[in-house]
Structures are given as C-alpha cells and as structure tokens.
Amino acid sequence: MGYDLQAVIAGREVLRAASRGLPAARLASLGQGLSLMPMTDALFDSLADGSDAGPLGFWRLPGRFEKTLAGWSTAGPVAYVEAEYFGGVGEQQAAVWDGGIVVLGPLHVQEGQPFPPAGSAISQALRRLGIVASAGDDEFSAVGLDRHRHGEGWIA
C-alpha cells in the first residue's frame with residue numbers, strides 16, 4: 001500500500017484567506033486547528049508559470065510558488081510538504097515559512113535514510129506550526145495525516 005501527498009499546511013484561517021484567489025484550491029481540515037490544501041493536478045496547473053522548479057528541490061512545487069507561500073506566511077506559519085511511500089519505502093520533504101522567510105528546511109529524507117532524532121521532515125514542519133503530539137504519537141498522526149493515502153482523498 002502506498003502513501004502520496006503534496007500539500008500546503010497552515011492554520012485554518014491563514015489558509016482559508018490565502019486560498020480565496022485560487023479557484024482550483026480545495027481545503028481539508030486537520031487536527032489541532034490546521035488545514036491542508038492538496039497540490040492537485042488542477043491546482044498545480046493553475047499555479048504553474050512555465051518556469052523551472054524553485055531552488056528548494058520539491059517535486060511538485062510550482063516554479064516561483066515559494067514566493068507566494070512566503071507572502072502567505074506573513075499571516076502565520078505555512079508549510080509545504082511532500083511524501084511518497086510504497087511498501088514502507090519512500091521519501092519525504094518539508095519546509096516552513098514564517099514572517100515571509102523560510103524558517104525550517106527544506107528538509108529531505110531520502111529513500112533508505114532513517115529519520116533523524118528530531119523526527120520525520122513532515123513531523124518537524126508540523127511541530128514548527130505548533131502541533132503537539134501526545135506520548136507514543138508523532139505530529140503526523142496527531143493531526144490525522146494518516147487518514148488518507150493520497151492527496152486526492154482529502155478532497156473526495
């Protein structure tokens with residue numbers, strides 16, 4: 001079974017306000033006051049400007065969209081996350097903007113690499129967004145990112 005996610009994550013109100021001008025954007029609620037905006041094909045196509053991917057090294061972050069995320073982060077921290085796993089093997093990466101600048105990352109855990117002591121890239125990003133995991137849990141599970149296996153599942 002696989003897991004595939006490319007999404008923007010931020011506080012509900014921050015993401016709701018930021019996505020108003022994006023007709024292709026769809027939001028889904030996560031735990032602890034966060035929302036998720038999956039980078040669907042429709043959203044990616046509406047944001048793509050024909051430029052090459054940005055310097056952060058994400059697979060599915062449209063060129064120059066990191067500047068948009070930086071702008072959104074003036075209202076509160078904003079994360080962009082990507083994860084792709086199949087059969088327990090895969091990669092993930094994340095970055096967080098706050099106050100208009102990158103404050104975390106980009107973090108990248110490549111296939112075959114163990115997570116660092118601070119946790120997965122996505123869990124570290126969620127922690128920077130203020131998520132607190134209970135004992136025996138991680139931030140990824142604490143907000144419910146394990147509810148759907150694919151980004152499209154969040155808006156179905």
Subset of the range 76-126, residues surrounded by 17 or more Cβ atoms within 10 Å (Cβ to Cβ) and aromatic (Phe, Trp, Tyr), comes to 80, 97
Output for Cβ contacts, cut-off 8 Å, separation at least six or different chains, first residue in contact (Cβ under 8 Å) with a residue 40 or more places away in the chain and on the phi > 0 side of the Ramachandran plot in the range 101-112, second part of a strand (DSSP E or B) and surrounded by 16 or more Cβ atoms within 10 Å (Cβ to Cβ), reads 105/93; 105/94; 105/95; 105/96
The residue that is modelled with the lowest pLDDT, considering only those in the range 1-23 that are out of contact with any strand residue (DSSP E or B) (no Cβ under 8 Å at 6 or more places or on another chain) and not in a loop (DSSP other than H, G, I, E, B), is 21
| task | Evaluate the range 133-146: report whether one residue or more is touching a residue at least 24 places away in the same chain (Cβ under 8 Å) and either of a type in the set (Asp, Glu) or in a helix (DSSP H, G or I) (or both). | result | yes
Reported set for the range 141-156 where residues are within 18 Å of residue 90 (Cβ to Cβ) and modelled with pLDDT under 75 is 148, 149, 150, 151, 152, 153
All conditions in (1) modelled with pLDDT under 90; (2) of a type in the set (D, E, K, R); (3) out of contact with any helix residue (DSSP H, G or I) (no Cβ under 7 Å at 6 or more places or on another chain) are true of residue 128 except (1)
When residue 26 is run through (1) surrounded by fewer than 14 Cβ atoms within 10 Å (Cβ to Cβ); (2) in contact with a Pro (Cβ under 7 Å, 6 or more places away or on another chain); (3) at pLDDT 90 or above; (4) not aliphatic (A, V, I, L, M), the failure sits at (1)
Consider residue 134 carefully, then state whether it is modelled with pLDDT under 90, over 14 Å from residue 32 (Cβ atoms) and either surrounded by fewer than 17 Cβ atoms within 10 Å (Cβ to Cβ) or over 12 Å from the mean Cα position of the chain (by Cα) (or both).
no
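The values are calculated or read from the model by the stated rules, or taken from the named source; none is laboratory data. Just so it is clear, the model here is predicted, and its values are computed rather than measured. Here Cβ is always computed from backbone atoms with ideal geometry, including for glycine, and neighbour counts include all displayed protein chains.
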